[in-house]
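Asker: Provided herewith is a single structure, encoded as structure tokens, for subsequent inquiry.
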Amino acid sequence: MTSFEIAIQALLTRDPLFGNCLNVAGTLPEPVLRAPAGFPGLLRIILEQQVSTKAAETMWRKLCAISEDAVTPDFLLALDHETLRACGFSRQKMAYARSLASDVAFGRLDIEAVHQMPDDEALESLIRIKGIGRWSAEIYLLLVLGRPDIWPVNDLAVAVGLQWLLGRDERPARAELLALGEPWRPYRSTAARLVWHYYLAVSAERRRAKVLP
């Protein structure tokens with residue numbers, strides 16, 4: 001079995017919530033890591049903050065379309081405000097993107113070194129970057145680097161998915177989400193993927209029924 005299959009089986013054994021996820025949403029495909037990692041991976045996560053997935057993807061595609069090669073720190077720093085605005089960047093996203101590009105270009109941030117750190121150290125290093133909060137850092141470790149035991153309790157879909165799975169009227173508090181995840185170590189990244197999988201399926205059904213809160 002793959003490590004992903006082992007994680008799925010372990011979680012199904014430990015908590016019936018995950019059986020419910022699969023019963024409702026169907027089989028969870030084996031994950032494919034986002035590419036590339038490094039500067040462009042972090043930049044994409046900045047673009048995803050507080051906007052829809054579709055809006056973030058549109059910004060990224062426009063940025064890639066004007067790049068002759070890879071999206072690098074030097075490329076980003078060479079773009080003027082008007083070009084970034086035409087790609088869909090808000091003023092805040094411009095500031096965060098330029099700050100990240102500057103940190104990498106001038107050696108204040110060694111992303112490859114971060115990649116070699118244990119989870120907690122990597123999270124702390126990423127959170128020190130302007131525009132990268134805990135959610136962004138956790139999503140980078142989980143979706144881009146494929147770390148197996150990341151539990152993104154600040155993620156709205158995780159919180160709402162567990163609210164629905166638990167049959168609650170309100171979302172669980174952050175402290176409860178942390179406690180819920182403890183028995184799922186060292187497979188919490190797969191636990192998050194299962195909850196996301198369930199959340200997307202139920203959200204789609206609720207939209208069809210027009211009862212999504």
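Asker: Please go through the range 69-98 and pick out each residue that is of a type outside the set (D, E, K, R), under 16 Å from Q49 (Cβ atoms) and either in contact with a Cys (Cβ under 8 Å, 6 or more places away or on another chain) or open to solvent by 30 Å² or more (accessible area, probe 1.4 Å) (or both).
Answerer: Initial filter on the range 69-98 (of a type outside the set (D, E, K, R)): 70-73, 75-79, 81, 83-84, 86-90, 92, 94-97.
After this cut, where a residue has to be under 16 Å from Q49 (Cβ atoms) as well, the list is 84, 87-90, 92, 94-97.
Hits for the range 69-98 are G88, S90, Q92, A95, Y96.
Asker: I'm told W151 meets every condition in (1) over 21 Å from L47 (Cβ atoms); (2) open to solvent by 20 Å² or more (accessible area, probe 1.4 Å) except one. Can you identify the failing condition by its number?
Answerer: With (1) over 21 Å from L47 (Cβ atoms); (2) open to solvent by 20 Å² or more (accessible area, probe 1.4 Å) applied to W151, the lone miss is (2).
Asker: In addition: Determine the pairs where a residue that is without any contact (Cβ under 8 Å) to a residue 12 or more places away in the chain, located within the range 46-73, has a partner that is assigned to a loop (DSSP other than H, G, I, E, B) and open to solvent by less than 50 Å² (accessible area, probe 1.4 Å) with Cβ atoms under 7 Å apart, the partner being 6 or more residues away or on another chain.
Answerer: C64/V71
Asker: Right, here's the next one. Could you grab me the full set of residues in the range 167-178 that are open to solvent by less than 60 Å² (accessible area, probe 1.4 Å) and outside any loop (DSSP other than H, G, I, E, B)? Let's see the steps before the verdict.
Answerer: Going residue by residue through the range 167-178, those that are open to solvent by less than 60 Å² (accessible area, probe 1.4 Å) are 172, 177.
Listed by number, the list holds a single entry, L177.
Asker: Within the range 58-68, is even one residue open to solvent by less than 40 Å² (accessible area, probe 1.4 Å) and within 30 Å of F4 (Cα to Cα)? Let's see the steps before the verdict.
Answerer: Going residue by residue through the range 58-68, those that are open to solvent by less than 40 Å² (accessible area, probe 1.4 Å) are 59-60, 63, 67.
Filter once more, keeping what is within 30 Å of F4 (Cα to Cα): 60.
The answer is yes; a qualifying residue exists.
Asker: Can you work out which of the residues in the range 23-57 that are surrounded by 13 or more Cβ atoms within 10 Å (Cβ to Cβ) and part of a loop (DSSP other than H, G, I, E, B) is modelled with the lowest pLDDT?
Answerer: Across the range 23-57, the extreme among qualifying residues is R34.
Asker: When both residues are 6+ apart or on different chains and their Cβ atoms are under 8 Å apart, which pairs have a first residue that lies in the range 18-36 and is without any contact (Cβ under 8 Å) to a residue 60 or more places away in the chain, and a second that is part of a loop (DSSP other than H, G, I, E, B)?
Answerer: That search, which allows pairs on different chains as well, returns E30/T2; P36/A70.
Asker: Here is a follow-up. Applying the selection to the range 190-213, what residues are part of a helix (DSSP H, G or I) and free of Cβ contacts under 8 Å to residues at least 60 places away in the same chain? Break it down into steps so the answer makes sense when it comes.
Answerer: Step one: list which residues in the range 190-213 are part of a helix (DSSP H, G or I), which gives 190-209.
Result: A192, W196, Y199, S203, A204, E205, R206, R207, R208, A209.
The values are calculated or read from the model by the stated rules, or taken from the named source; none is laboratory data. Quick caveat: nothing in here was measured; it's all calculated off a predicted structure. Reconstructed Cβ throughout: ideal geometry from the backbone, glycine too, with neighbour counts over all protein chains shown. Surface accessibility is based on the protein's heavy atoms, side chains included, excluding ligands, DNA and RNA. Shrake-Rupley method; radii C 1.70, N 1.55, O 1.52, S 1.80 Å.
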